[in-house]
Amino acid sequence: GQGQQQLSLEVGETVHIQEECEGMRGVFPASFIHVKEVVIEERGDDEVVILAEMPLVKEVTTTLREWGSIWKQLYVSNKEVRVKQVQRLMWELMEWRSQLLSGTLPTDEYKELKQKITSKIDYGNKILELDLVVRDENDNILDPEKASVISLFRAHQDATATINERIKEEQSNVQTEHCGISARIQSSPTHSLYVFVRNFVCRIGEDSELFMSLYDPVKQTIISENYLVRWGSGGFPKEIEMLNNLKVVFTDLGNKDLSREKIYLICQIVRVGRMDLKESYSKKFTHGLRRPFGVAVMDISDIIKGKIECDEEKQFFIPFSPVSAENDFLHTLLNKVTASRGDSGGQGLWVTMKALVGDIVQIRKEYPHLVDRSTVVARKLGFPEIIMPGDVRNDIYLTLQGGDFDKYNKTTQKNVEVIMWVCDEEGKNSICLGAGDKPVSEYRSVIYYQMKQPRWMETFKVAVPLEEMHRIHLRFMFRHRSSQESKDKSEKNFAMAFVRLMKEDGTVLQDGLHDLIVFKGDSKRMEDVSSYLSLPSTRHHHGDLHKGTALSRSSSSLSGGAGGLSLSSRDSFTISTLVCSTKLTQNVGLLGLLKWRTRPELLKENLEKLKIIDGEEVVKFLQDTLDALFTIMMEHSQTDDYDILVFDALIHIIGLIADRKFQHFNTVLEAYIKQHFSATLAYKKLMSVLKRYLDVSSRGEQCEPILRTLKALEYIFKFIVAALKYLPTVLQDVEKVFDGKLLSFQMILSLKQPKCSCTIEPFFLFIYYCRDILLPMMLRELRVALASMVDGPHDERQNSLELLNNILEVLSRGNVGKTFQHVQDIVVSLLCIINRTVITMGREHKLIVSLQFSLQSFELLCCSFIFLSISSDFLMESFLLFKELIRKHVYPSDWMAMIMVQNRVFLRAINIYADTMNQKFLNDNSFEVQLWNNYFHLAVAFITQESLQLQHFSPTKRNKILVKYGDMRQLIGFAIRDMWYKLGIHKICFIPDMVGPILEMTLIPEEDLRKATIPIFFDMITCEHEHCGNFCKFENEIIQKLDHEVEGGGGDERYIFIVFITLRCHCTDLKHRYRQLSFISHFVALVKGLLIRLLDYRTVMSDDSRNNRMSCTVNLLNFYKDINREGMYIRYLYKLRDLHLEGENYTEAAYTLQLHTRLLKFEVHGSQTQRQLKEMLFDTIIDYFDKGKMWEEAITLCKELAEQYENEIFDYELLSKRLEKQAKFYENIMKILRPKPDYFAVGFYGQGYPPFLRNKVFIHRGKEYERREDFQNHLMSQFPSSVRLNTTTMPGDDIQDSPLQYIQCFTVQPVLEIPPRLKNKPVPDQIINFYKSNYVQRFHYSRPVRKGPVDPNNEFASMWIERTTFTTVYKLPGILRWFETTLSPLENAIETMESTNEKILTMINQYQADWSLPINPLSMLLNGIVDPAVMGGFAKYEKAFFTDEYALEHPEDRDKLMRLKDLIAWQIPLLGGGISLHGKRVTDDLRPFHERMEECFKQLKKKVEKEYGVRELPDMDDRKSTRPRSMLRSYRQSIISISSLQGSECSTPTKLHPDRYRLFCRVSGRREKPKVFN
């Protein structure tokens, strides 16, 4: 909404609801509003409403809005790459914002998410060239008000370094992306596959389960967890909210996996329902049985290996293959389908896929729009190639391989179902079926119908808490399932098996196949844990424990077994397991080391065994192993019994990682050292053993580990350095032990070591009495160091500045005691020398940032003091320094907070220095013009610096600055105003030098600032006028500076208004005191006119239309010519020349330069420079005329030059060359064909055009062979939003007042104006043809019109020609290829009178021909003319034109005046005829009206005939012709016979004849007497 009562809002904006009623909140429906909690803060008299959201949520919201507007601009600018990049960043932020708002994140996850969000915001701001956001150690935005300048500066440095590193990473990723996904995959050790299930199309009729996984068809093994989708019988997911959200990412894949020959994405479909799908639905059948249904497979080798780049929106179809019979094994069908694909019949899966590079953490960071919180993660069956610290995993994957079950007393084979529980001694259970599914309490296998040897090959995950592993076992129950519900309920478990997850030695179950013992017995006894847990679970164990025990073929009781259970030798059951645990090992030796406290007597043995343990097992438990080694080292710190063994073990581990096989674990080791290593005193032990080995080796003795030690030296030292980093914390306790003063004296002795001084001394500076001792010595050393700052060694200079910054930071704090005297000591000692050092040091110097920063800190401290003994030299140095620092910031442009803090410091310093100037340097004796001049220039430089121009910033940035710092421009602007008025009699010293700076300040688009500072101009005018009697200096200066500033971007239409109103008001207020200052009004009008033209010029300079730029340039140069500003006039002449040359308009460029030559003289005694310049310009102009084929003009200039060479400077050599060139031009005229250019009338109508085009008509000179269509298309391309008018008549007010743009274009014919020297002479066509299209100022446009009844036998009898004449301001060609047409007030009056008379005639003719027409229109027309208040409408013309003054001033208008009088006289007989006709047609009720109109006409007729003579029309009833003649034709013939024809443009008048072709002309926009030609 843009209206007064409207709001402009976007979805998501915050509004303040004042009132609410039923169903409405404010003016909004309640359903459209989301109420938010707010906090109301009182700031002075104002109440500020702040949303009660987390600061981070507010920041994300603000950032998204700011990025959103920029994103739209990028889209409009067609920057496709950046658009996608910003879009991805915004997606990530929106996803993370929703996580923040959920309020369900644990503290550690919240911290991690916060770091990700702030990192992403900072990165996005950097690539979008927004301001750097500075944060504290907790990633909160650092408040400059609460931070010292030093800490703020260092925070900026750290933030910049961090973001630059982030950008390097992104650029590296982008470069890798450009190299293709294949290259990225090869360069990364970890990979993932993103899969989005779009739809599953299959005719099942029952619920189903879809198990998706990655599969190796060569080895016939599944290589990933299953992703389980439960699909309903209605063709939708069982959980409807999962529709369009079935996303999974298969992760942890390594390069070994990608090197497989083939990789398939498979989907095993299991239906859940009846035993036989062909059975009709009935309650008598058993339901909920898991039965095989089919598989769907797709070869994704090329996709996952990066050979094919997939868009995440591209959909793939995976065809479905059903089982051929109900007892087909799914894994058998799987192998068959991967070998040969069959017809799916249109059934299958629709999925989208994309190969992603990185582990789950990385891809969540890089692809948040794909992998979000709802995306399921399916891990690899096994460990990834790199196990990062913190990746704790304790998964056991179990596969039901198969079994062999005897039918016993049944007639058919059993339908065996395996039911598995995860149990402890008390019988509790828990199972996890697959990724994407909720944990279940039991697992039920697929049922194969009447199969003796079912082969399930079903894999699922067992997730068990680590602390319960030693108590957990898996129990398998076997049950026959019947298709009949009644029979199925009576079936009981017929056998069981179990297996423990932990061995007695503490290791976990070995990976691989396990042949479990199948037990038989009572169903309830099989469920009793105590009845079987003491029995062996595998045949391997049974054979070991019961060798020699004879068992019968059918079954046998177990020796020592629990009652009721027997071993079934006729049944077998096989499973396989795969343990993926970072806490549970299958290696006894490694387990002994990890749990060394349980058997400390075996510690040495276990440390030595570490070297023979498989390296893959060691790196799998890298973090736990390293923790164990360093714990052993720390807990035996008082002895060295284990030092060498631990050191050797550490060397062995580092050596393993150096092996190419485990080189990817380098990253893991680095992460451990940086994030997890915490053994602070380990450095002692490591250095001790390392020294021992080196000593032994240096003595030449045998030292076997030395080679391995040297190879591992890099990481040994990294461990040592990591341990040493905690040492500095002890220094803070030194003061409690040692005397501070004594320490201070010791510190003085170490001051000559800069590296030490800059790091330790600041701590002692916190103590007041230590500062008293240390500071004087430091200041002396720093003074010497700063004096050699430009040339000294870089390290020493850097350390000195670091020390100075540390001192200043300490003194800026509020908790360090008294600082007044210490600050004064520093200021007296160092401030002046720092000023001079910064002034002399170049802006590009490496230390300039630190040095300026020190100075800034200085000024911040010094602003609290008033310097009564300050000198003018110091002030001038400070002003020059500040101005230089403001003019060119040494901080990066995106350090907004730092720059604004600097500006605030400078502002405070400038104001304090200004107070000092007012007190000490304002009176006559101490006044120094240069000092005050420096102040004003500094203040203006401050107010006009780019970092304070809020109008150039986004609304978000602008609001941030205003809330935090306010508008500093107002403060310094008001100070400048006050300082100016305090100058008194000294003001004249700053005129006109200060006009430019003050003007620059007033052009800032800030209303209050303008209103406060523009009056300074009036003060300058009055001051100069009082002193000099005029204000020429001021006027010249402001005109010149206005031109420069407005062209540079300053000023707007509002500025014109404020300047006009302000200066006019001051003139009015002081009129009684300065009556002679009435000329100020003229000056105000002059400035206003200049500003309007300058703003037009600036607007079109960025326009694609060169014509618009030329028009505005001509407007400006004409303006400067009128006000006699020759320098500015010439400046724009050359700008116009350059524009012409760009368009190859050589003729116009020549005419433009010719205007400059008219300002120069050829006088012999004149300036030699002027003569040379004019000759040079003549040569250039002649060359341009030659290129433009305007040889006549070139000859004229040649003659002028020849005159000078022949009669003034007598240079015959140049004369001969000039004459040769002139002769060539004559020859060109006669021999070279010059095409005539066409001329086009172009009208620009509508309010959408700029003022210099709006509702104006121009005549354009076309180029050679340029057709109207081409010219018009080119014209329309310059105004793409304009509408083309297809008429040639003047459009009405509706078009001219429209806010749109309309263009009218048609061809006009130039009117030949033969030069007097060629008249009445035989002139060759080559010469006369030139003048037909050059030196022309009048142009005709003619069009046929039909008047009166059409004669079917002779159409020419009723054909008239309407001719329009256009007159341009200047002749064409000229300095432009077009000029505006003109119509003088007198011509406008003639046109109006002609139009009125024509209207009367037309209406009389209509009523004469058709007596059925209503009388009202005729009544209104006649009464409107004869009414005494109008008096024919020409009373205003008599006052304007029929006066002696006008006749004297415009003698050239004599003929036009006669014509106007003639038209007035002819109006009377026309009115008489109309009134006569009206009297015949009027009704009785209108008779009084008619009689009054006749009385008025008699008075008008008497007056006109007395003044302008009598005119008579033929009798209306005259019928001499056989064909009726209209009143209109009779009138026109009468005019021809009565009026003189000397105004005719045709020189051969002939006898009139009614049947001749009539030419009805319109001259200069008016209708003219008809002429008839034979």
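The values are calculated or read from the model by the stated rules, or taken from the named source; none is laboratory data. It should be emphasised that the depicted structure is a prediction, and the values quoted were computed from it without experimental measurement. Counting neighbours? That spans all protein chains shown, and the Cβs are built from the backbone with ideal geometry, glycine included. Just the protein is used for accessible areas: all its heavy atoms, side chains included, with ligands, DNA and RNA removed. Shrake-Rupley method; radii C 1.70, N 1.55, O 1.52, S 1.80 Å.
Quick check on His369: is it open to solvent by 20 Å² or more (accessible area, probe 1.4 Å), in a helix (DSSP H, G or I) and within 28 Å of Lys438 (Cα to Cα)?
no
Met1403: assigned to a helix (DSSP H, G or I) and either over 23 Å from Val1510 (Cα atoms) or without any contact (Cβ under 8 Å) to a residue 12 or more places away in the chain (or both), yes or no? Considered against the rule, which asks whether it is assigned to a helix (DSSP H, G or I) and either over 23 Å from Val1510 (Cα atoms) or without any contact (Cβ under 8 Å) to a residue 12 or more places away in the chain (or both), Met1403 comes out as no. Of the residues in region 273-290, none is within 29 Å of Ala355 (Cα to Cα), out of contact with any helix residue (DSSP H, G or I) (no Cβ under 9 Å at 6 or more places or on another chain) and either buried (at least 23 other Cβ atoms within 10 Å of the Cβ) or among the polar types (S, T, N, Q) (or both). Within the bounds of region 1065-1078, is there any residue that is surrounded by 13 or more Cβ atoms within 10 Å (Cβ to Cβ), out of contact with any Asp or Glu (no Cβ under 8 Å at 6 or more places or on another chain), at pLDDT below 85 and aliphatic (A, V, I, L, M)? Yes, region 1065-1078 has at least one match. Does Gln1222 meet the test of being out of contact with any Ser or Thr (no Cβ under 9 Å at 6 or more places or on another chain), at pLDDT below 90, of a type outside the set (Gly, Ala, Ser) and more than 17 Å from Phe1366 (Cβ to Cβ)? It is false that Gln1222 is out of contact with any Ser or Thr (no Cβ under 9 Å at 6 or more places or on another chain), at pLDDT below 90, of a type outside the set (Gly, Ala, Ser) and more than 17 Å from Phe1366 (Cβ to Cβ).
Hey, could you check region 434-448 for residues that are crowded, with 20+ Cβ neighbours inside 10 Å and over 46 Å from the mean Cα position of the chain (by Cα) and say which is farthest from Arg475 (Cα to Cα)? So, considering only residues that are crowded, with 20+ Cβ neighbours inside 10 Å and over 46 Å from the mean Cα position of the chain (by Cα), the one farthest from Arg475 (Cα to Cα) is Tyr448. The set of residues from region 1181-1213 being aliphatic (A, V, I, L, M) and modelled with pLDDT under 90 comprises just one member, Ile1209.
Within region 223-271, the set of residues being part of a helix (DSSP H, G or I) and within 13 Å of Val376 (Cβ to Cβ) comprises just one member, Met242. For region 913-969, the tally of residues that are charged (D, E, K, R), in a helix (DSSP H, G or I), open to solvent by 30 Å² or more (accessible area, probe 1.4 Å) and more than 24 Å from Ser69 (Cα to Cα) stands at 2.
For region 1122-1147, the set of residues classified as surrounded by fewer than 19 Cβ atoms within 10 Å (Cβ to Cβ) and not in a helix (DSSP H, G or I) consists of Ile1123, Asn1124, Gly1143, Glu1144, listed by residue number.
Screening the candidates Val1084, Val1059 for the property of being β-branched (Val, Ile, Thr), at pLDDT below 85, within 22 Å of Asp993 (Cα to Cα) and over 38 Å from the mean Cα position of the chain (by Cα) yields one hit, Val1084. Picking from residues in region 206-229 that are crowded, with 16+ Cβ neighbours inside 10 Å and charged (D, E, K, R), the one that is nearest to Phe285 (Cα to Cα) is Glu206. Among the helices (runs of 4 or more DSSP H) confined to region 1410-1521, the ones with at least 3 residues that are modelled with pLDDT under 85, of a type in the set (Asp, Glu) and open to solvent by 40 Å² or more (accessible area, probe 1.4 Å) are located at 1444-1449.
Here region 669-698 is the region considered, the condition is being in contact with a Pro (Cβ under 8 Å, 6 or more places away or on another chain) and closer than 13 Å to Asp627 by Cβ, and the residue that is surrounded by the most Cβ atoms within 10 Å (Cβ to Cβ) is Tyr672. Of the residues making up region 996-1044, those that are of a type outside the set (A, V, I, L, M), surrounded by 18 or more Cβ atoms within 10 Å (Cβ to Cβ) and within 18 Å of Gln951 (Cα to Cα) are Glu1000, Thr1002, Glu1006, Arg1010.
Checking each residue in region 1262-1286 for being part of a loop (DSSP other than H, G, I, E, B) and open to solvent by 20 Å² or more (accessible area, probe 1.4 Å) picks out Lys1263, Glu1264, Tyr1265, Glu1266, Arg1267, Pro1280, Ser1281, Asn1286. Checked against the criterion of being more than 43 Å from the chain's Cα centre (by Cα), open to solvent by less than 20 Å² (accessible area, probe 1.4 Å) and within 25 Å of Cys1112 (Cβ to Cβ), the candidates Ile1303, Ile1259 yield just one match: Ile1259. Taken together, the residues in region 463-522 that are among the acidic types (Asp, Glu), farther than 30 Å from Glu279 by Cα and either in a strand (DSSP E or B) or more than 60 Å from the chain's Cα centre (by Cα) (or both) amount to 4.
Is it the case that Ile447 is within 18 Å of Gly288 (Cα to Cα), part of a strand (DSSP E or B), at pLDDT 85 or above and touching a strand residue (DSSP E or B) at 6+ places or on another chain (Cβ under 9 Å)? Criteria not met by Ile447.
Scanning region 1287-1331 for residues being touching a residue at least 24 places away in the same chain (Cβ under 8 Å) and not in a loop (DSSP other than H, G, I, E, B) gives a total of 15. Among the residues of region 348-366, what is the count of those that are over 30 Å from Arg166 (Cβ atoms) and either surrounded by 19 or more Cβ atoms within 10 Å (Cβ to Cβ) or modelled with pLDDT under 80 (or both)? Final tally of qualifying residues: 3. Restricting Ala1223, Ala1202, Ala1194, Ala1150 to residues that are part of a helix (DSSP H, G or I), among the aliphatic types (A, V, I, L, M) and in contact (Cβ under 8 Å) with a residue 40 or more places away in the chain narrows the list to Ala1150.
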